[in-house]
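Accompanying notes for the structure given below.
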Amino acid sequence: MTEAVVGELAPGGSLPTIVIEPAPRWPSINFGEMWANRELLLFLVWRDIKVQYAQTALGAAWAVLQPLLTMLIFTVIFGRLAKIPSDGVPYSVFTLAALIPWMYFSNAFSAASASLVTSANLITKVYFPRLIIPVVSVLSGLVNFAVSCVVLAAMMAWYHVTPSVAAIWMIPALLLLTILTATGVGCWLAAIYIQYRDVRHIVPFIVQIWMYISPVVYPLSLVPERYRTLYALNPMAGIIQTFRVVLLRTGEIPWGTLGIGTIVGIALFLSGALYYRRTEHLFADVA
């Protein structure tokens, strides 16, 4: 893979010279280059959003139906039949508050894992920071996340549940951590996907298992104390539980679990992005 090096403006104010050079053996994450190409990033995000809704019969309604139908199924199976506790709030709103960040995360890294293959034509035709591709897949899911949050707000109003003041700053912070974690996991899977197409069969299995080791259908309080540190290595555990706590007032913010999860999430982002950059020389063979 290559990197772009921009020279100084030529005499007379003409366009700068752009030199394409081979990337080093251990490349870094060039955030400056990403920022310089932010307009391309936003354009591709907007393109993905339009394509996503243009090719479906129900359009944005899926952002409402998917969490609602899943919530109904979980409420019947886990709330009514299994009688899993819901920290003093109705089980339907309890599980919906966890499903929204979880669905955004799982859909984001699943889409990012296949992003290189779906963008093969773009990769082979023009140079741009390749890290933009999985980032686009992650960011394009924010529209569905926003629509789902409106549904959750309506549910909370119906059940007379009010969020805490901490939600004003905690929700954006949790969303940012979710984006970083999804990008990291997506980069790992996308880079591996180029070499082993089995990844497309493994990703649904990862999503299924990861959901059940996250506090989506059950509260964090059901996890025995002796396993809490190990459980906190799942970055979504702290994110989901904190998301639920600040919105539904179901207890104290699990700072320990969230702190460990934050470290793991950032580590996943950095390691995934670096491994992705390390394997960029294989992307030309993506088709």
Of these, VAL138, VAL143, VAL117, VAL93, which one is among the aliphatic types (A, V, I, L, M), under 26 Å from ILE209 (Cβ atoms), surrounded by fewer than 18 Cβ atoms within 10 Å (Cβ to Cβ) and touching a residue at least 40 places away in the same chain (Cβ under 8 Å)? VAL117
Quick one: which residue in TRP158, TRP188 is within 22 Å of ILE266 (Cα to Cα) and of a type in the set (Phe, Trp, Tyr)? TRP188
If a residue must be among the aliphatic types (A, V, I, L, M) and closer than 13 Å to PRO101 by Cβ, how many such residues does the range 149-166 contain? 1
Helices (runs of 4 or more DSSP H) within the range 40-149 that include 3 or more residues out of contact with any His (no Cβ under 7 Å at 6 or more places or on another chain), closer than 21 Å to MET236 by Cα and at pLDDT 90 or above: 62-74, 91-113, 132-139
Taking the residues in the range 203-245 that are in contact (Cβ under 8 Å) with a residue 12 or more places away in the chain and of a type in the set (Ser, Thr, Tyr) as candidates, determine which candidate is nearest to GLY79 (Cα to Cα). TYR218
Name every residue in the range 157-175 that is surrounded by 18 or more Cβ atoms within 10 Å (Cβ to Cβ) and more than 24 Å from the chain's Cα centre (by Cα), in order of residue number. VAL161
Take PRO204 and tell me if it is out of contact with any helix residue (DSSP H, G or I) (no Cβ under 6 Å at 6 or more places or on another chain) and either under 25 Å from TYR91 (Cα atoms) or not polar (S, T, N, Q) (or both). yes
Looking at (1) crowded, with 22+ Cβ neighbours inside 10 Å; (2) under 25 Å from LYS50 (Cα atoms), which is the only condition PRO204 fails? (1)
Flag if LEU248 is under 25 Å from ILE77 (Cβ atoms), surrounded by 23 or more Cβ atoms within 10 Å (Cβ to Cβ), out of contact with any His (no Cβ under 6 Å at 6 or more places or on another chain) and in contact (Cβ under 8 Å) with a residue 60 or more places away in the chain: yes
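The values are calculated or read from the model by the stated rules, or taken from the named source; none is laboratory data. Bear in mind the structure is a predicted one, so any value in this text is a computation, not a measurement. With ideal geometry, Cβ positions are generated from the backbone for all residues, glycine too; neighbour counts draw on all protein chains shown.
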